[in-house]
Amino acid sequence: GEGKDDPARLSFEKLDLEDPGTLARGVAGADVVVCCLGAPEDEFNFDNPRRIDGDGTIALIDKAAEAAAPAGNKNMRFVLVTSLGTGRFGWPASILNLF
């Protein structure tokens, strides 16, 4: 079918959160952007939560807003899926739950 519920309209884009070009390409033409990223728990890098969960999410939100504006897409949706506040212990969840 060609309706709004057509699964063929769904796409998955692999992005580099530190590369504005991949972010722009990833959100171009999107009606909905779903962000479900997170710092890896098996890699101890004190900068990852800020770089990935903080700066990366902000960069993706900014690019989604930029992509929607010229297209006149006032109905674009941004969905943020997060584990923040789930009470998990260990790295990086325990650090993120401090904020």
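Some values worked out for this structure:
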| quantity | calculated |
| --- | --- |
| Residue in segment 56-76 that is modelled with pLDDT of 80 or more, of a type outside the set (D, E, K, R) and open to solvent by 90 Å² or more (accessible area, probe 1.4 Å) present | yes |
| Search result, residues across segment 13-34 that are outside any loop (DSSP other than H, G, I, E, B) and surrounded by fewer than 17 Cβ atoms within 10 Å (Cβ to Cβ) | PRO20, GLY21, THR22, ALA24, ARG25, VAL32, VAL34 |
| Scan of segment 35-51 for residues that are at pLDDT below 85 and surrounded by 14 or more Cβ atoms within 10 Å (Cβ to Cβ), ordered by number | LEU37, GLY38, ALA39, ASN48, PRO49, ARG50 |
| Residue tally, condition aromatic (Phe, Trp, Tyr) and in a helix (DSSP H, G or I), over segment 41-80 | 0 |
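The values are calculated or read from the model by the stated rules, or taken from the named source; none is laboratory data. Model, not experiment: these values are computed from the prediction. A quick note on method: Cβ atoms are made from the backbone with ideal geometry, for glycine too, and the neighbour counts reach across all protein chains shown. Remember, those area values only see protein heavy atoms, side chains included, never the ligands or the DNA or RNA. Shrake-Rupley method; radii C 1.70, N 1.55, O 1.52, S 1.80 Å.
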